[in-house]
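Enquirer: Pasting a structure here, questions to come.
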Amino acid sequence: MNETLKFLKEKESEMLSTLRTLVEKESPSLNKELTDEVGELVLDTFCGLTGGSATVIPNQEYGNHIRGEWGEGDEQILILTHFDTVWPEGEIERLPFKIEDGKVYGPGVFDMKGGLVQGIYALHALKELQRKVSCKVVVLFTSDEEIGSPTSQQLIEEEARKSKFVLVLEPALSPKGALKTSRKGVAMLNVEVNGLPAHSGVEPENGISAIEELAHQTIYLHSLNNYELGTTVNVGVIKGGTHSNVVAARAEAEIDVRFNSQKEFDRVIPFLKNLTPHIQGTEISVTGGINRPPLERTEQVGKMYELAKNIARDELHFDLLEKATGGGSDGSFTALIAPTLDGLGAVGDGAHAEHEHLILSEMPVRSALLALLIEKLSSVSFAYHKTKVTHY
């Protein structure tokens, strides 16, 4: 058995205990007090297990971020992880931490506290086994990923510019544990329609319905879906009107747009931004833009995956798959700056769902994969061509 894997298998019960502590201390994205408490716990755990250093990056709006540093060298590898969850305070009482049939359940256990623990233990193994890593490793533990990373995006991008590789500890895809070598970009748009109010019983002919106009626009927007190209446009929320007996003077919609490449977004965005009124007398405005750019499977990302795949096959004796996903992550920000490999976190299922869980036996295996990948990547470099993003 591989030395690193053997070491981490012996640490499985410790990993589980660390995970339990983190999961039972809840960290909803919008609760600064709770996320700060978990951030302090993460800082102490990182320093205690890796021997590295960590600093608190103050954040007035949401939880503080934590920056960990391990090893030394002129170059660095960046690891991304977050400790906030989508689960509100008190859910741990309704959905308690538990282990059944080799699966570990609890709010945030899969997305992504399990991956966070695996990341810390990977560095712990490299330290204890005195493995040669020829660059430093920076780990960003952020507090606002689940709400779009409004305060951490700049920090993530700054660290990515200093890094030759980025490894993302988001969950693997599906219980088969596939890595994520491409992610769709995400754009979030708002459409506002103004019409003219009137009494719907007395003089409806004098009104201009914003809701009717928005209905026409919704049909048009959904016609832009192109599943063959992987482009989706979804009108997900609609609001409008004041009373049932008033012709609606105003209506609005929230739109989610997903796309596989920046080129495809540049093609679609004019159709979204330049909506033409169907009903005379209505006015339409569109605001918003890219929330997360696409993580495209570049040649360099392919090389990173092949390296991880070979490690899995030759040293850990399992087949490592790759897949594409429609969801965005913080890796979407870094993919434009440095080669980024995503999905290196927990293996399980049910992110954001009540059956959220990870597979316990996979924790030491995936932690070993990360440790060995860090070791290999520390001594290689790939030329990387940055992609220009049009945010609109």
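The values are calculated or read from the model by the stated rules, or taken from the named source; none is laboratory data. Since the model is a prediction, treat every value here as computed from it, not as a measurement. Here the Cβ positions follow ideal geometry from the backbone for every residue, glycine too, while neighbour counts run over all protein chains shown. We work out accessible area using only protein heavy atoms, side chains counted, and drop any ligands, DNA or RNA first. Shrake-Rupley method; radii C 1.70, N 1.55, O 1.52, S 1.80 Å.
Enquirer: What figure, in Å² to the nearest 10, do you get for the accessible area of Lys9 with a 1.4 Å probe and non-protein molecules left out?
Expert: 90
Enquirer: Give the residue list of chymotrypsin sites (Phe, Trp or Tyr not before Pro) in region 240-340 that are DSSP loop and have at most 15 other beta-carbon atoms within 10 angstrom. Intermediate results must be reported in sequence, preceding the final value.
Expert: Working: sites: Phe259, Phe265, Phe271, Tyr305, Phe318, Phe333; in loops: Phe318.
Sparse-neighbourhood loop chymotrypsin sites (Phe, Trp or Tyr not before Pro): Phe318.
Enquirer: Which whole-number percent is the relative contact order of the chain (Cα, under 8 Å, 6+ apart)? Before the final figure, lay out the partial values.
Expert: On the way: 914 pairs, mean separation 91.7, N = 392.
Taking the mean separation of contacting Cα pairs over the length of the chain, I get 23 percent.
Enquirer: For the chain, with only Lys/Arg (+1) and Asp/Glu (-1) charged at the beta-carbon, what is the dipole magnitude about the Cα centre, in debye rounded to 20?
Expert: Numbers: 38 positive and 57 negative charges, 274 e Å.
The calculation lands at about 1320 debye.
Enquirer: Here is a further query. Could you give the accessible area per residue of region 238-349, probe 1.4 Å, as a whole number in Å²? Mind dumping the intermediate values first?
Expert: On the way: 4890 Å² over 112 residues.
Accessible area per residue: 44 Å².
Enquirer: Any idea how far apart Glu3 and Val202 come out in nm if each label point goes 7 Å out from Cα toward Cβ?
Expert: 8.8
Enquirer: Give me D for the chain in µm² s⁻¹, whole number, from Stokes-Einstein with Rh from the Kirkwood sum over alpha-carbon pairs, 10 °C and 1.306 mPa s.
Expert: Numbers: Rh = 22.4 Å.
The estimated diffusion coefficient comes to 71 µm²/s.
Enquirer: Could you derive backbone 3J(HN,Hα) for region 180-195 from the dihedral phi with the Karplus parameters 6.51, -1.76 and 1.60 (θ = phi - 60°), listing whole Hz in sequence and x where the residue is Gly or Pro?
Expert: Going residue by residue, I get 9, 9, 7, 9, 5, x, 10, 10, 10, 10, 10, 10, 10, 10, 10, x Hz, with x marking Gly and Pro.
Enquirer: Here is a further query. Any idea how far apart Glu89 and Lys303 come out in nm if each label point goes 7 Å out from Cα toward Cβ?
Expert: Label at Glu89, label at Lys303, 4.9 nm between them.
Enquirer: Would you work out the charge dipole size for region 83-152 about its Cα centre, treating the Cβ of every Lys and Arg as +1 and the Cβ of every Asp and Glu as -1, and quote it to the nearest 20 debye? Working shown, then result.
Expert: On the way: 8 positive and 11 negative charges, 130 e Å.
With Lys and Arg at +1 and Asp and Glu at -1, about 620 debye.
Enquirer: Continuing with this model, one more query. Could you run the Karplus curve 6.51 cos²θ - 1.76 cosθ + 1.60 with θ = phi - 60° over region 332-348 and give me ³J(HN,Hα) per residue in whole Hz, x for Gly and Pro?
Expert: The phi angles translate into 5, 5, 7, 4, 7, 10, 9, x, 10, 10, 10, x, 8, x, 5, 9, x Hz.
Enquirer: For the chain, what % of the accessible area comes from carbon and sulfur atoms, probe 1.4 Å?
Expert: Working: 8240 of 16960 Å².
Carbon and sulfur: 49 percent of the exposed surface of the chain.
Enquirer: Using modelled amide H (1.01 Å from N, peptide plane; none on Pro or chain starts), what sits under 5 Å from the amide H of Ser27, excluding residues fewer than 5 places away?
Expert: Residues meeting the criterion, in which the H sits 1.01 Å from N, are Thr85.
Enquirer: Report, in deg cm²/dmol and to the nearest 500, the calculated mean residue ellipticity at 222 nm for the chain, where each DSSP H run with n ≥ 4 adds -39500 (n - 2.57) and the sum is divided by the residue count. Show your work: numbers first, answer last.
Expert: Numbers: 11 runs with 126 residues, N = 392.
Value at 222 nm, helices only: -10000 deg cm²/dmol.
Enquirer: On the full set of protein chains, 1.4 Å probe, figure out the accessible area of His124 and give it in Å² to the nearest 10.
Expert: Counting only protein heavy atoms, the figure is 10 Å².
Enquirer: For region 136-146, take each phi angle, set θ = phi - 60°, evaluate the Karplus expression 6.51 cos²θ - 1.76 cosθ + 1.60, and give the result in whole Hz per residue in order, putting x for glycine and proline.
Expert: 8, 10, 10, 10, 9, 9, 9, 10, 9, 4, 5
Enquirer: Just subtract the alpha-carbon distance of Leu30 and Ser17 from 0.36 nm times their residue separation and send over the number in nm, one decimal. List each step's numbers first, then the result.
Expert: On the way: separation 13, 0.36 × 13 = 4.68 nm, distance 2.59 nm.
Result for the pair: 2.1 nm of gain on full extension.
Enquirer: Continuing with the same structure: Could you give the accessible area per residue of region 6-124, probe 1.4 Å, as a whole number in Å²?
Expert: Details: 4950 Å² over 119 residues.
Accessible area per residue, region 6-124: 42 Å².
Enquirer: 5 Å is the cut-off here: which amide hydrogens, built 1.01 Å from N in the peptide plane, fall below it relative to His65, excluding neighbours closer than 5 in sequence?
Expert: The answer is Ile57, Asn59.
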